[in-house]
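A.B. asks: After the structure tokens below, expect a handful of questions from me.
The values are calculated or read from the model by the stated rules, or taken from the named source; none is laboratory data. These numbers come from a predicted model, not from an experiment. A quick note on method: Cβ atoms are made from the backbone with ideal geometry, for glycine too, and the neighbour counts reach across all protein chains shown. Heads up: the accessible areas ignore ligands, DNA and RNA and are worked out on the full protein's heavy atoms, side chains in. Shrake-Rupley method; radii C 1.70, N 1.55, O 1.52, S 1.80 Å.
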Amino acid sequence: MAAATAKCRCVGLLLWLCVRLSETRNSRDSMKDDILLPYAHGHGPSHSHRHVRDCQSVVHGNTTHESRPSSNHSGLPVAESKVFVSDVPGTSRWVYGHMTVVHDPLRTVSVLEPGGPGGCGMNQKASVEETAEAAGCLYAQNAGFFHTNTGECLGNVVSDGRMVRDSGGVQNAQFGIRRDGTLVFGYLSQEDVLDQNNPFVQLVSGVVWLLRNGEVYINQSLEAECDKTQETGVLRYFVDVVSARTAVGHDAEGKLILFQIDGQTERRGMNLWEMAEFLKKYGIINAINLDGGGSSTFATDGSLASYPSDHCQPDSRWRCARRVSTILCVHPRRCQPANCSGHGDCVDGSCQCQEGWRGDACDSLVCQPPACGVHGFCTANGCVCDAGWRGQNCSRECLPGFYGDGCNQTCACVNGGSCDHVHGLCTCPPGFHGNTCEQVCPLGFFGVSCAEKCRCDDQCPCDPLTGSCNATLPVETNYVLHTAGNCLAKKMFTSWRKEEEAHREKPYLTERSWLIITFTLAALLSVSLLAHVLRAFRGSAALSHFPERRDYSYVPLNNINGVSSRARSSSGKEAGVGLEDSDSQDEIWSPQNSGTL
């Protein structure tokens, strides 16, 4: 056994030196003569995903794929790769290959397009070494199938979160890593592939699901994926033929396993049954088969580490690595995404999240909706509650006497008033009102916050608490009513007087004119009275000069001072007028002779 192993290693070393020598000369290309394709035309079966569900064992229900959380051993090396030389049980064949164990798949494994980003879009092909060297891969092996003539990438391809190619629901075995690190193996519906709740960050298509839950699953895969013939025969031949092989799987701990063996179709290597049993023996739980034959290639640090089966051109004495499509790259830890979603820093392949953010990509807030309920919203510092709500999830109202954002403001309500826990507005008890319930209800109102009107006769005030019209009002209130009544009465009388004067007929003369006339008449009356008094005094004086006539009440003016007697003596005779002819008023009347007349 030891001698055989040493012999194989010597042969392997010789072949490796030959390959490296050929590369240093003219970089010869392969002749692509070891073709191993599962389908003759196109890629994948044409039947629906429902067919895949229906043809699987009842024990699996409607689940057509298996998911397993990936390991996250950040303290261990990125990966460990081992070279093995082993016999194939039940045969005389020996195989040479590589098994690489990846401890942190989410952050260290990528599906890369040939030659770098955009390679599938340009139908480009590149050797595993070229793509791996450009991307800084520690370990790399070929992955998905491709069209040998056009170079078109086949199946689903998601590279570092970018959907590169959508197969449109073609049912082939798939391998992928979702954003949360979940490893997925098996058959996916179109909805599974396009799911955005936990999208794929890496995805590649193979052919034939080798192991499912630790059991060989090849027969079921043949029924699910069988469709057309391929260049080397029917799909069953693809499964049974010995050839170089490539596979990917995971163990019970969630560590990702990259598997590659050298060979040549129908001469060296393993068939899929042998490879499934080999992987099962090493504790692999789920695994799918990737592109094999002349495409099977393994590289370390950007250098070829496997023995290709394609001959070189133009010199067929040598073996050359084939230009292939996608590869699986194991690289140093790097953050996904590289900028840690803008909420952290990438340190040694791990995102150091800023305060308030969490997750491997720092893309989740510490509080995630609906953690804050309907009365708050999540921020980097946790829940920010709406006014009037509190608690870690903003589910509790403010305590009595508090309100506002964070319930940190104190109510100003007095006299037993309660405040609104959102804005702090007071609801006053019966008999009080105002912003802080410090004011007694105004006259005519009563009840909670003085919102009710009194319904008393004649608009009389009521009790401010109960609204009763039979209210005994306080002394202060009675004084207010008395003062208000006096004021109102004065205003009413003044108003009535103005209205009465406005409707009274106005005199022709003004008050001033009447005053002038009155004073004038009074003055004339006074003057007349004074004249009569003076006349009286003058009459008394005349009687004193005529004592014979002092008993008469009437004295003619012509008899005063003897004027009348002189006139009669001188003119009486001339005129022929005697006393006999004088008027009767010339007679003198006195009380003494009144009886003789």
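A.B. asks: Could you tally the net charge around Q260, taking each other residue with its Cβ under 12 Å from the Cβ of Q260, Lys/Arg +1 and Asp/Glu -1?
C.D. replies: 0
A.B. asks: If you don't mind, another one. Net charge within 10 Å of Y403 by Cβ-Cβ distance, Lys/Arg positive one each and Asp/Glu negative one each, not counting Y403 itself?
C.D. replies: -3
A.B. asks: Enumerate the amide H contacts of F84 below 5 Å, restricted to partners 5 or more residues apart or on another chain; note that Pro and chain-start residues carry no placed amide H.
C.D. replies: G97, H98, M99
A.B. asks: Expressed in nm to one decimal, what extension gain is obtained for the pair D386 and D315 from 0.36 nm per residue of sequence separation less their Cα-Cα distance?
C.D. replies: Length gained, D386 through D315: 17.8 nm.
A.B. asks: Calculate the dipole size of the stretch 154-264 relative to its Cα centre from +1 charges on Lys and Arg beta carbons and -1 charges on Asp and Glu beta carbons; express the result in debye to the nearest 20. Intermediate values should be presented prior to the final figure.
C.D. replies: Values: 9 positive and 15 negative charges, 36 e Å.
Here the stretch 154-264 has a charge dipole of around 180 debye.
A.B. asks: Based on the alpha-carbon gyration tensor of the stretch 49-206 and its eigenvalue square roots a ≥ b ≥ c, which shape applies: rounded if a/c is under 1.5, prolate if not and a/b is larger than b/c, or oblate?
C.D. replies: It comes out rounded by the Cα gyration axes.
A.B. asks: If I compute solvent accessible area with a 1.4 Å probe over the protein chains, what percent of it on the stretch 38-179 is carbon and sulfur?
C.D. replies: For the stretch 38-179, the apolar C and S fraction of the accessible surface comes to 49 percent.
A.B. asks: Continuing with the same structure: Post the alpha-carbon centroid distance, the stretch 317-349 to the stretch 252-271, in whole angstrom.
C.D. replies: Here the two parts' Cα centres lie 22 Å apart.
A.B. asks: Report, by chain and number, residues whose modeled amide H sits under 5 Å from the one on D420, excluding near sequence neighbours (fewer than 5 apart, same chain).
C.D. replies: Placed amide hydrogens put L425, C426, T427 under 5 Å from D420.
A.B. asks: Q352 to T477: extension gain in nm, 0.36 nm per residue of separation minus the Cα-Cα distance?
C.D. replies: Separation in residues times 0.36 nm, less the Cα-Cα distance, equals 37.7 nm.
A.B. asks: Expected output is a single nm value to one decimal: the length gained when fully extending between N213 and D240, i.e. 0.36 nm times separation in residues minus the C-alpha distance. What is it?
C.D. replies: That works out to 7.5 nm of additional length.
A.B. asks: Place a +1 charge on the Cβ of each Lys and Arg in the stretch 299-342 and a -1 charge on the Cβ of each Asp and Glu, then give the dipole magnitude about the Cα centre in debye, rounded to the nearest 20.
C.D. replies: In total the dipole reaches around 80 debye.
A.B. asks: If you average the C-alpha positions of the stretch 393-457 and of the stretch 126-149 separately, how far apart do those two centres end up, in angstrom?
C.D. replies: The stretch 393-457 and the stretch 126-149 have Cα centres separated by 75 Å.
A.B. asks: Okay, next question. Rounded, prolate or oblate for the stretch 105-170? Axes are the square roots of the Cα gyration tensor eigenvalues, ordered a ≥ b ≥ c, and the cut-off for rounded is a/c under 1.5.
C.D. replies: Verdict is oblate for the stretch 105-170.
A.B. asks: With every protein chain present, what is the per residue accessible area of the stretch 274-326 (1.4 Å probe, Å²)?
C.D. replies: So the stretch 274-326 comes to 31 Å² accessible per residue, rounded to a whole number.
A.B. asks: A follow-up question, please. Could the peptides 419-428, 142-151, 319-328 be put in order, highest first, of the mean number of other beta-carbon atoms found within 10 Å of their residues?
C.D. replies: 319-328, 142-151, 419-428
A.B. asks: So, R0 is 35 Å and r is the distance between the beta-carbons of A338 and A40; what FRET efficiency does that work out to, to 0.05?
C.D. replies: Working from the Cβ atoms, E equals 0.25.
A.B. asks: With a 10 Å radius around each residue's Cβ, average the other Cβ atoms per peptide and rank 200-211, 44-55, 105-116, 268-279, highest first.
C.D. replies: Top to bottom by mean Cβ count within 10 Å: 200-211, 105-116, 268-279, 44-55.
A.B. asks: Still on this structure: With N set to the residue count of the stretch 402-470, report its C-alpha Rg divided by 2.2 N^0.38 Å to two decimal places.
C.D. replies: Working: Rg = 14.2 Å, N = 69, 2.2 N^0.38 = 11.0 Å.
With N residues counted in the stretch 402-470, Rg over 2.2 N^0.38 Å equals 1.30.
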